[in-house]
Amino acid sequence: MLVDGRGVPLSLVVTGANRHDVSQLQVVLDAIVIKRPSPPIRRNKHLCADAGYTGVPALKVIEEHGYIPHVKGRGQEAKELRRAPEKKARRWVVEVAHSWFNRFRKLLVRYEKLDRSFLALNHLAASIMAFRKIKSGENIIYG
């Protein structure tokens, strides 16, 4: 799953549990639903990841898609947080998005046999999450 800075899912890929995340990086970056226009200055397009993406092939894929990679482990982020407590860890946004997906009980335990059914339910949950991020005077969807 790839999310933006607010935790709104940008792409989802369903794979088996035995597949490592770094092997699916190319597929996840290709599956972005809304293509972002290229910024005039390259420094505006960043991709934050955990230490599992430190390999040369993963960094190459990230750079081929026009992102500046920020790949850090938990220990490194903890040290930086102690030095500058006003900054928050960037990759925690993804963990929050995973938590939001777990609130949809149909997705918490996978009962769907077909990949396309499970992917459709994930897309529905992602669209509800994106809709909730829209600033509105009243709460339309509350789950």
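The values are calculated or read from the model by the stated rules, or taken from the named source; none is laboratory data. These figures come from a predicted structure and were not determined experimentally. All Cβ positions, glycine included, derive from the backbone under ideal geometry; neighbour counts span all protein chains shown.
Looking only at the range 95-134, which residues are touching a Gly at 6+ places or on another chain (Cβ under 8 Å) and touching a residue at least 60 places away in the same chain (Cβ under 8 Å)? Walk me through how you get there before you give the answer.
Going residue by residue through the range 95-134, those that are touching a Gly at 6+ places or on another chain (Cβ under 8 Å) are 96-97, 100, 103-104, 128-129, 133.
Listed by number, the residues that qualify are Val96, Ala97, Trp100, Met129, Lys133.
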State all residues of the range 46-64 that are at pLDDT 85 or above and more than 15 Å from the chain's Cα centre (by Cα); if no residue qualifies, say none.
-> Gly55, Val56, Pro57, Ala58, Leu59, Lys60, Val61, Glu63, Glu64
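Having 3 or more residues that are surrounded by 11 or more Cβ atoms within 10 Å (Cβ to Cβ) and not aromatic (Phe, Trp, Tyr) is the bar; report the helices (runs of 4 or more DSSP H) wholly within the range 49-133 that clear it. Walk me through it before giving the result.
Details: elements: 56-64, 74-83, 92-102, 105-108, 115-132.
The helices (runs of 4 or more DSSP H) meeting that bar are 56-64, 74-83, 92-102, 115-132.
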Go through (1) among the β-branched types (Val, Ile, Thr); (2) closer than 16 Å to Ile62 by Cβ; (3) modelled with pLDDT of 85 or more one by one and return the number of the condition Val3 breaks.
-> (3)
